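Below is one structure, written out as structure tokens; the observations come after it.
The values are calculated or read from the model by the stated rules, or taken from the named source; none is laboratory data. Owing to the predicted nature of the structure, the values given are computational and were not obtained by experimental measurement. Glycine gets a Cβ as well: all are built from the backbone with ideal geometry, and neighbour counts include every protein chain shown. Accessible surface is based on the protein model in full, side chains and every heavy atom, while ligands, DNA and RNA are left aside. Shrake-Rupley method; radii C 1.70, N 1.55, O 1.52, S 1.80 Å.
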Amino acid sequence: LLPQAIAAALAVAALYLMLEPRIGTGGAFGGALAMAVFPSFVAVSRENGVDTLLILLLVLACAAALRACDTGRSRTLIWSGVLVGLAFNTKTLAAYLVLPGIAAGYLLCAPGSIRRRAAQLSVAGVAMLAVSFSWIAFVELTPASKRPYIGSSTDNTELGLTFAYNGFGRVEGQAGGPNTTATRPGAYVPSARQRAVNAAIARAGNSAPSAGSTGAAHIPTPTLTPVATAGRERNAIPFGGPPRPLRLFGIGLGDQAGWMLPFALFGAIGLALLALLDRAPATPRPRRWLDFDRPRMACALVLGGWFLVEAIVLSLSKGIVHPYYVSALAPGTGAMAGAGAAAFATLARGRTRALGVALAACAIATTAIAQAALLHRERYMQWFLPVLLIGAGVGVCALLVLRGRATTGTAAPARSPRGERLVGPALAATFALLLVAPTAYSATTWLAPSDGTFPTAGPRHVAGSGAYGINAKDLRIDAALSAYVSTHGAGSRWALLTVASNTAAPMILFGLHAGALGGYSGTDPALDGPGLARLVARRQARYVLLGGEYSLRGGNRATVAVLRACREMAPSQWRSPLRYPLGRVLFDCAGRERALAAAG
């Protein structure tokens, strides 16, 4: 857990250091704070996934790209490409969503001719691709017989996994997404007859023949730390809603990401307009074919582009979109919210007062309405709704009043230094008010462990079980099963084989040599009946547990062979605490090598 927490903290610091020279201390602090309390970002920072490492690498890549926009140095731009390549090796094509913003920012804002900038981008792109595909190249060049099966791929290639299941399949739709998983022929679905047979075996007092211990140590019953889960949902929300423009505010994604999205959207517009309208920078610059404030425009294009591309892809993807995917919106949302607040304060002075106040009012009003809708839907902090709406209204009115003081009394707009000085504090106070709800919502992750598969923030979302990642009932079952197989002739290599890796994982955590026949989702064609028969013949494997996580997806040829050839054991034979343990059935394959080879 610690590396992910460190990566998250570093990402927040890096965002601040990147923004401060371009939008000022106040805007940078506001942007970093908005990122730090982004609910989904907090949730993934408290579990052992790779998302915070991905985010840190992409924030650093954007920082290098902005520095390259300032200096025009190829070396700095190449470093940005290298960091994107490392992010690709963290979570494949998800890293490339930052590229449109970086490319647009460098082409429009870097010094030098357009031809030179395009050539520099090409060189940086080559460096990025070289880093991105270095590990994939090693995998592809290794013969399939000398490496593990590429899990979740259909063709045993890392390229197929990268561009299909983990790539365009997420956007265009794929098996395993919402409403696409159904029971298939290889699945083990316990029937009433099978339950009756097991009960009859148990009543008859039959017991499994002991083949003697293989020397494996007895697996003690693990202890389980109680988790405060009162009032929480029993099951996690696995997917976002259907693809649509407002998906990021819907069930599954909205409470994880939607709190500051309207402010960030108007903030990106405000920052871009400020860059276009403010044409009198403090330092001279060379004449250009487009005249604008380069540092601000680069920030708007690089970070705002990342924000917009990420939001569009997450909103319209037809495949698997888990709620924690929206954590990638945290840097862009925070950056554009903080930069937008600074831009509104600047625009609200001088000739652009009306524009600045209008943008700020729209950002505050839409954000307050979105937050009120989220709080009402989640039934959380209901007492805060009047405070939020009244406070936001007061903030908008304050901006209007301050603008009025600055423009009334003379035929031409008059400067009001005192009124202009108060614009910043008024915006800052309102911005702080808008961060109260997401901060409180993200802080609920302190109340219970994050769910390991679908980490989310929120007081009612399903909590993780901590320790071994399963509940107390499953833990007792797994402990009894592990203790039995480890003392009754378990295989020398695999004490127990399951359908999918999630079923084997808790047993591995408390000391059993367990593995999965079908990889993560239980459907990888990594092993068939003859392959399992060879393991059994060599006494490397004996016991197989069917059922459990993802078993209804159909399994593979090895699971079909187990169903046809191996001996089903009653729960009483391995001293299960439940008569029928949650759809899991143990099979003994000892002496069934020929049947396994023929069946699968």
Accessible-area order for L512, L552, largest to smallest, probe 1.4 angstrom, reads L552, L512
Evaluate the distance, in nm, between pseudo-label points positioned 7 Å from the Cα of K473 and of A598 along their respective Cα→Cβ axes.
-> 4.0 nm
Want the number for R567 to E233: 0.36 nm per residue separation, take away the alpha-carbon distance, what's left?
-> 116.5 nm
Mind putting a number on the dipole of the chain about its Cα centre? Charges go on the C-beta only, +1 for Lys and Arg and -1 for Asp and Glu, and I need it in Debye to the nearest 20.
-> 340 debye
Which aspartates and glutamates have a Cα less than 12 Å from the Cα of K91, not counting those fewer than 8 places away in the same chain?
-> D51
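Under unit Cβ charges (Lys, Arg +1; Asp, Glu -1), what dipole magnitude, rounded to 20 debye, does region 429-578 have relative to its Cα centre?
In debye, rounded to 20, region 429-578 gives about 560.
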Kindly express, to the nearest 10 degrees and within the range 0 to 90, the angle between helix 114-132's C-alpha long axis and the longest C-alpha principal axis of the chain.
-> 20 degrees
Projecting the Cα atoms of V423, A9, Y165 onto the charge dipole of the chain, where Lys and Arg contribute +1 and Asp and Glu -1 at Cβ, the residue farthest towards the positive end is V423
Can you give me the Cα centroid spacing of region 240-278 and region 65-120 in angstrom?
-> 24 Å
Go through K318, K473, K146, K91 and list them by solvent-accessible area, largest first, probe radius 1.4 Å.
-> K146, K318, K473, K91
R592, R542, reordered so the largest accessible area comes first (probe 1.4 Å) | R592, R542
Using a cut-off of 15 Å between beta-carbons, work out the net charge of the residues near N89 (Lys and Arg +1, Asp and Glu -1, N89 not included).
-> -2
Compute the acute angle (0 to 90°) between the alpha-carbon long axis of helix 261-277 and the principal axis of greatest extent of the alpha-carbon atoms of the chain; round to the nearest 10°.
-> 40 degrees
Of (i) -0.66, -1.17; (ii) -0.63, -1.43; (iii) -0.56, -1.21, the label for log10 I(q)/I(0) by the Debye sum over Cα atoms at q = 0.08, 0.12 Å⁻¹ derived from the coordinates = (i)
Per residue, how much accessible area does region 489-600 show when a 1.4 Å probe rolls over the protein heavy atoms, in square angstrom?
-> 39 Å²
Kindly rank 78-84, 392-398 from highest to lowest mean number of other beta carbons found within 10 Å of each residue.
-> 78-84, 392-398
Can you work out ³J(HN,Hα) from phi for every residue in region 338-349, in order, using Karplus 6.51 cos²θ - 1.76 cosθ + 1.60 and θ = phi - 60°, giving whole Hz and x for Gly and Pro?
-> x, 5, x, 4, 5, 5, 4, 5, 6, 5, 6, 10
Taking the alpha-carbon centre of each part, the distance from region 573-587 to region 330-379 in Å is 57 Å
accessible surface per residue for region 71-182, probe 1.4 Å, DNA/RNA/ligands not counted, whole Å² -> 50 Å²
Do me a favour and compute the ellipsoid semi-axes for region 543-600 from its Cα gyration tensor, root of five times each eigenvalue, largest one first, whole Å.
-> 21, 15, 6
Report, to the nearest whole %, how much of the accessible area of the chain belongs to carbon and sulfur atoms, 1.4 Å probe, protein only.
-> 63 percent
On the full set of protein chains, 1.4 Å probe, figure out the accessible area of Y468 and give it in Å² to the nearest 10.
-> 60 Å²
Which value, in Å² and to the nearest 10, is the accessible area of R349 when all protein chains are kept and the probe is 1.4 Å?
-> 90 Å²
Under 17 Å from a point 7 Å along the Cα-to-Cβ line of L509: which residues of region 553-584 have their amide N that close?
-> none
Pull out the extension gain between I312 and L93, defined as 0.36 nm times the separation in residues minus the alpha carbon to alpha carbon distance; nm, one decimal.
-> 77.3 nm
In region 450-594, with Lys and Arg counted as +1 and Asp and Glu as -1 at Cβ, which of these residues, G511, L582, G529, has the Cα nearest the positive end of the dipole, that is, farthest along it?
-> G529
Against the longest alpha carbon principal axis of the chain, how many degrees, from 0 to 90 and to the nearest 10, is the axis of helix 192-204 turned?
-> 50 degrees
Probe 1.4 Å, all chains present, heavy atoms only: D51 accessible area in Å², nearest 10, is 10 Å²
